[in-house]
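Notes follow the structure.
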Amino acid sequence: MIDKEKIESAVTMLLEGIGEDPGREGIKETPQRVARMYEEIFAGTGKGAGEHLSKTFERESSDMVIEKDISFYSMCEHHLLPFFGVVHIAYIPNGKVVGISKLARTVEVFARRPQIQERMTEQIAREIMNYLDAEGVIVKIEAEHMCMSMRGIKKPGSKTVTYKAIGKFEESEKLRQTFFESVK
Ligand code: ZN
C-alpha cells in the first residue's frame, strides 16, 4: 500500500536537501502533489495482471495475435526518473485469447512501479504465457530513458530496445522474424 504521509515528508526532506525552502510559495504544496501523483504512477507495485488476463475466451485458431505500439510510462528504479515508449506483444494462442485492451492493461500494471526495462519485458511475457497457456509469447519494448537523456551520457532521443521470446518464439527464428518485421 502507498503511504502518502511518508512520501510527503520524504519530498519535504528532498527539497531541503537540494537547498530549497519547502515553505516557499510555489512549492509548499509540492509534497502533497507528488504523493498524489506517486499513488497513481506506482499503482502497479506488488501487483500481477491476473484480474485482466484471467478473462479469456475460446478461439480455435492458432494464428499469431499481434498488438503493437502500446504506449507506456514507467519509472527507472535506479534514478526514479521516467522511461517511456512503446510495447509490442505477440502470442500464439492455445485455445484461449483475451480482449486487446487486456494486453494494454497488463503493460500498465508492470509499468506502474519502480522498474527496469529488461525486467518489465520479461514480466509481461511471462504473465501472458501463464494466464493464456499460450504456445508462445514475444514482447519487444522500445523506450527512451530520461536518466540517459537528462544527465550522464546525454543522448536525447536514443532508444533502448529489449525483447523476450518464450515457447515457440524462442524455438523458431522464422516466427521471431515475422514478429519483428510486423512491428518495425
Ligand atoms: Zn535510470
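The values are calculated or read from the model by the stated rules, or taken from the named source; none is laboratory data. Because the structure is a prediction, the values reported are computed rather than measured. In this analysis, Cβ positions are derived from the backbone assuming ideal geometry, glycine residues included, and neighbour counts consider all displayed protein chains. For the accessible areas, the whole protein counts, side chains as well, though only heavy atoms, and no ligand, DNA or RNA atoms are used. Shrake-Rupley method; radii C 1.70, N 1.55, O 1.52, S 1.80 Å.
Amide hydrogen proximity for E135: with H placed 1.01 Å from N in the peptide plane, the residues at 5 or more positions away or on another chain lying under 5 Å are I92, N94. Each Lys and Arg contributes +1 and each Asp and Glu -1, all at the Cβ; summed about the Cα centre of the range 130-173, the dipole is approximately 540 debye. Among the listed pairs K28/K155; K6/K55; K4/K47; K68/K96; K4/K140, give every one whose C-alpha distance is greater than 24 Å. Pairs exceeding the cut-off: K28/K155; K6/K55; K4/K140. Dimensions of the chain from C-alpha coordinates, computed as largest minus smallest value along each principal axis and given longest first, are 63, 36, 20 Å.
Rounded to the nearest 20 debye, the dipole magnitude of the chain is 260 debye, with +1 charges on Lys and Arg beta carbons, -1 on Asp and Glu beta carbons, and the Cα centre as origin. Taking the accessible area of the chain, probe 1.4 Å, and keeping the other protein chains in place, the carbon and sulfur fraction comes to 51%. Here's the picture: charge each Lys and Arg Cβ at +1 and each Asp and Glu Cβ at -1 in the range 78-124, and of V87, Q115, V97 the one pushed furthest to the positive end of that dipole is V97.
For the chain, with every protein chain kept in place, what is the accessible area per residue (1.4 Å probe, Å²)? Don't jump to the answer; show the numbers that get you there.
Numbers: 10450 Å² over 184 residues.
For the chain, the per-residue accessible area is 57 Å².
In this structure the amide hydrogen of I116, modeled in the peptide plane, comes within under 5 Å of the amide hydrogens of E77, none closer than 5 places in sequence on its chain. Mean residue ellipticity, 222 nm, helices only, the chain: the sum of -39500 (n - 2.57) across DSSP H runs of n ≥ 4, divided by residue count and rounded to 500, is -12000 deg cm²/dmol. For the pair E118 and R24, a Förster radius of 35 Å applied to the C-beta separation gives a FRET efficiency near 0.35, rounded to the nearest 0.05.
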